[in-house]
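What follows is a short report on a single structure.
The values are calculated or read from the model by the stated rules, or taken from the named source; none is laboratory data. Here the structure is a predicted model, which is why all the values come from computation and not from measurement. Glycine gets a Cβ as well: all are built from the backbone with ideal geometry, and neighbour counts include every protein chain shown.
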Amino acid sequence: MASVTFDHVFKKYGDVTAVNDLNIHIEDKEFLVLVGPSGCGKTTALRCLAGLEEISGGEVRIGERVVNDVAPKDRDIAMVFQSYALYPHLSVYDNMAFGLKLRKTPKEEIKRRVSEAADTLGIQDFLQRKPRQLSGGQRQRVALGRAIVREPKVFLFDEPLSNLDAKLRVQMRSEISKLHQRLQTTFIYVTHDQTEAMTMATRIAVINKGVLQQLDTPQNLYDRPNNLFVAGFIGSPAMNFFRGKLRKDGDKLLVDTGDFSVVIPPSKSKVYENHAGKDVIFGIRPENIHDADFVPANIDSEKVNVKVDVTELMGNEIFLYLMSGSNNFVARVDPRSKLRVGQQATVAFDMDNFHIFDAGTEQAIR
């Protein structure tokens, strides 16, 4: 078992900086997820750790050992790829055993490790099949098994569920989480899917354009995003943003978007008073916008007049796509709501749960 450290790591391709001064310390046995949009540098960071890319600056450490110049095969890591990367002409058993055979591991030890991994993953009945005889989920289990038999210090996962259908992705998320609990090994997992990150991670590193934006627990990222990018990336549907101005109205502080205004509760206004008169971005999550007929008890709410543009009935909830002047936004409302397309309506913003960002820096105002 081992911790992992990225210490001021850079990776450049000519004039392009793919990873920019990355500093992360991953604890032993932690499940860390690197998340961000396509092209943000998360897979490049993982490949730098694996030794598949040579870093341009800084240090990568596994435990206390600097591995900058250590060959990939000697780093004691195992990697699971998006493409499975199974040998089509070999059986499941031989695919899982292949790396051990290269290392001249005794036959009885190979048999023990493959059997234990197959039991863990529920693929004992498939050991004599070829990959083409397996479903996508079964192939992904074989790829996991091939990594497990190595008994490495660190597991690396590069978008391993991207090729699976939605139902199987949910199932495999659960399987990988249970695997982490069982193996008690350091897991580092790359994905662009923030739902995967939120449901699996001990901590999440949000990356954009090669730069680490925030490193925190899933709940803290959701509740206290550092900036506009993190706020918009974490949560589904994404947070709604409204450009406006903070202004005083007598003893009240409010956000004026031009199309509507919302008053900030006195209990929260002190944080923002120094920004009165400045341009800001007001953020509120869809689940904190309610049909005015179904407002939860004991919340501080502000009414906003809207027109309903699109409705999506989800069974346990309804997504409303709303317009207020030039602002378009989404509400996630009670399934009893009777609001329908084309209606003029009133919704309630939960002013106990909102975010305000500086319009210039896009940093959260706290």
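With respect to A45, is the statement that it is small (G, A, S), surrounded by 21 or more Cβ atoms within 10 Å (Cβ to Cβ) and at pLDDT 95 or above true? Here the answer is yes, as A45 does meet what is asked. Among the strands (runs of 3 or more DSSP E) confined to segment 1-110, there are none with at least 3 residues that are under 30 Å from G235 (Cβ atoms), out of contact with any Phe, Trp or Tyr (no Cβ under 8 Å at 6 or more places or on another chain) and of a type in the set (F, W, Y). Among the conditions (1) buried (at least 18 other Cβ atoms within 10 Å of the Cβ); (2) in contact (Cβ under 8 Å) with a residue 24 or more places away in the chain; (3) not assigned by TED's automatic domain parsing to the domain that holds I55, the only one that L253 does not satisfy is (2).
For A345, the conditions (1) aliphatic (A, V, I, L, M); (2) more than 20 Å from P296 (Cα to Cα); (3) more than 26 Å from the chain's Cα centre (by Cα) all hold with the exception of (2). Filtering segment 310-336 to residues that are touching a residue at least 24 places away in the same chain (Cβ under 8 Å) and farther than 18 Å from R285 by Cα leaves G325, S326, R336. Can you spot a residue in segment 183-190 that is in contact with a Leu (Cβ under 7 Å, 6 or more places away or on another chain) and β-branched (V, I, T)? So far as segment 183-190 goes, yes, one or more of its residues are in contact with a Leu (Cβ under 7 Å, 6 or more places away or on another chain) and β-branched (V, I, T).
Checked against (1) surrounded by fewer than 14 Cβ atoms within 10 Å (Cβ to Cβ); (2) in contact with a strand residue (DSSP E or B) (Cβ under 7 Å, 6 or more places away or on another chain); (3) at negative phi, I284 passes all but condition (1). What about I356, is it under 17 Å from F241 (Cα atoms) and in contact with a strand residue (DSSP E or B) (Cβ under 7 Å, 6 or more places away or on another chain)? Yes. In segment 224-244, the qualifying residues are those that are in contact with a Lys or Arg (Cβ under 8 Å, 6 or more places away or on another chain) and surrounded by 18 or more Cβ atoms within 10 Å (Cβ to Cβ), and the one that is modelled with the lowest pLDDT is G235. Among the residues of segment 111-122, those that are under 11 Å from G145 (Cα atoms) and assigned to a helix (DSSP H, G or I) comprise R113, V114, S115, E116, A117, A118, D119, T120, L121.
Here is a check on your reading of the model: is L22 in contact (Cβ under 8 Å) with a residue 40 or more places away in the chain, over 28 Å from G137 (Cβ atoms) and within 20 Å of the chain's Cα centre (by Cα)? Answer is yes for this residue. When the residues of segment 139-163 are filtered to those that are surrounded by fewer than 19 Cβ atoms within 10 Å (Cβ to Cβ) and over 26 Å from P106 (Cβ atoms), the one that is modelled with the highest pLDDT is S162. Considering only residues in segment 287-306 that are within 11 Å of T346 (Cβ to Cβ) and either in contact with a Leu (Cβ under 7 Å, 6 or more places away or on another chain) or not aliphatic (A, V, I, L, M) (or both), the one that is surrounded by the most Cβ atoms within 10 Å (Cβ to Cβ) turns out to be V306. Counting residues in segment 181-189 that are under 14 Å from the mean Cα position of the chain (by Cα), in the same structural domain as I77 (by TED's automatic domain parsing) and farther than 30 Å from R65 by Cβ gives zero.
Let's see how each residue does on (1) farther than 21 Å from M239 by Cβ; (2) more than 25 Å from the chain's Cα centre (by Cα); (3) modelled with pLDDT of 95 or more:
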| residue | (1), (2), (3) |
| --- | --- |
| K268 | no, yes, no |
| E273 | yes, yes, no |
| I281 | no, no, yes |
| V304 | no, yes, yes |
| V308 | no, yes, yes |
| G315 | yes, yes, no |
| S324 | no, yes, yes |
| R332 | no, no, yes |
| E362 | no, no, yes |
